[in-house]
Each structure stands twice: as C-alpha cells, then as structure tokens.
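Take a look at the structure below.
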Amino acid sequence: VSQSRYEGFRFQSGSITSSGGNITLVGTGGNAAGTGNDGITFSGGGVTNTGSGTISMTGNGSGKTNSDFNQGIQFYGATISTVDGNITINGTGGGAGSGTLNYGISMTDGSIIKTTGLGNISVTGTGGNASGSGGSNYGVFCSVRNGYANTNCIQADSSGTISVTGTGGNGNGSGASN
C-alpha cells in the first residue's frame, strides 16, 4: 500500500485477501488543486474474501480550485469479490469550481464487484463538485469496453442481491450532465 500526497490510498496491482475476516477500507483524498485527490484507487489487484466475511469501503474525494478527476473510489481493472459475505461500497466525489468528472465511484478497464455465493452487494455513489459549475460529476460510473473479460461491472453469481444508488453531483451548481 502506498500513500501519496493526493490519494487516501492507492493500490497499484496490490491485493488484500481474507478467508473469512471482515475487511474495511476508509480513504480521503488530499485537498489540493488539480487532479487525483481520490479517496481510494485500485489500479489492478483488488480485494477478495473467500469466506463469509464482509468487504466495506468508504472513499471521499477532495480537491479545490477548479479541480477535475477527484473520485471517491476509483477502480481500474480491479476485482472486488466475496463468496458469502456482503460487499458495501460508498464513494463521494470531490472537486470544486469548474471541475468535471468527479465521480463518486468509477469502474473501468474490466473492473468488477461480485459475489459468488450468498453475499449481497450495495454500491452508493455521490458525484462531487456540489456547488461548482463543472459537469459530468456522476454518482456511479461504469464503463465496459471490448477487449476485457468482464462484461458486467457488478454481478451476483448465486442468490445475492444487488443495490446500486447513484446521485449526480453539482446539485447546487450550474454544470450539465450530473
């Protein structure tokens, strides 16, 4: 695990595993101008629980002065999975001023959140830049592209339930596509 000036946590192809114990991650991005003030970032790797333990993540993006790309939680090619444990992921984007693309939760490049047994999945994202003028501050963003093995961003393979709640940012601002 490496911690930088802007990100609460960054996992670069690193993984966290458990065979039944609960896993909890909480991260808050640095409050700097510019990009990359992410709460939690996974670039490859991920979190796996092979038993009945839960996975819980809370990420809060930050940023100031027209800042862009400040995700609450960002997954690039990451796998978050349990068998019978629940997965709960909450992310709030950061950003300010004319900043755009401050997602609550972003899943790209083959990222997947899944359960393979009885586990339930709850994903809640709130886009950032609540009072600024920037647009495209989505609560939950999922991009599935050709060439990646996963065709779903979120899936329950057995009897688990899935709940996804997304709230666009910029509720008090003037930006478009939030």
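The values are calculated or read from the model by the stated rules, or taken from the named source; none is laboratory data. These figures come from a predicted structure and were not determined experimentally. Positions of Cβ are backbone-derived with ideal geometry, glycine not excepted, and every protein chain shown enters the neighbour counts. We work out accessible area using only protein heavy atoms, side chains counted, and drop any ligands, DNA or RNA first. Shrake-Rupley method; radii C 1.70, N 1.55, O 1.52, S 1.80 Å.
Annotations
- Residues of segment 111-125 that are in a strand (DSSP E or B) and open to solvent by 10 Å² or more (accessible area, probe 1.4 Å): K114, S122, T124.
- Each residue in segment 10-51 was checked for being modelled with pLDDT under 90 and of a type in the set (A, V, I, L, M, F, W, C), and 2 pass.
- Counted residues, segment 70-100 - those being under 17 Å from the mean Cα position of the chain (by Cα) and at pLDDT below 90: 2
So that you can scan it fast, the table gives a plain yes or no per residue for (1) among the aromatic types (F, W, Y); (2) open to solvent by less than 10 Å² (accessible area, probe 1.4 Å); (3) without any contact (Cβ under 8 Å) to a residue 60 or more places away in the chain:
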{"residue": "Y76", "(1), (2), (3)": "yes, no, yes"}
{"residue": "G85", "(1), (2), (3)": "no, yes, no"}
{"residue": "G91", "(1), (2), (3)": "no, yes, yes"}
{"residue": "A96", "(1), (2), (3)": "no, no, yes"}
{"residue": "D109", "(1), (2), (3)": "no, no, yes"}
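- Only one of T65, T100 that is polar (S, T, N, Q) and buried (at least 23 other Cβ atoms within 10 Å of the Cβ): T100
For (1) within 19 Å of G30 (Cβ to Cβ); (2) among the β-branched types (V, I, T), each residue gets a yes or a no:
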{"site": "G63", "(1), (2)": "yes, no"}
{"site": "G72", "(1), (2)": "yes, no"}
{"site": "T88", "(1), (2)": "no, yes"}
{"site": "N129", "(1), (2)": "yes, no"}
{"site": "C142", "(1), (2)": "no, no"}
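- Listed by position, the strands (runs of 3 or more DSSP E) contained in segment 1-105 that have at least 2 residues being of a type in the set (S, T, Y) are 15-18, 23-28, 40-43, 55-60, 79-82, 87-92.
- Top-ranked residue of segment 101-150 - restricted to ones that are farther than 18 Å from S163 by Cα and β-branched (V, I, T), ranked as modelled with the lowest pLDDT: V144
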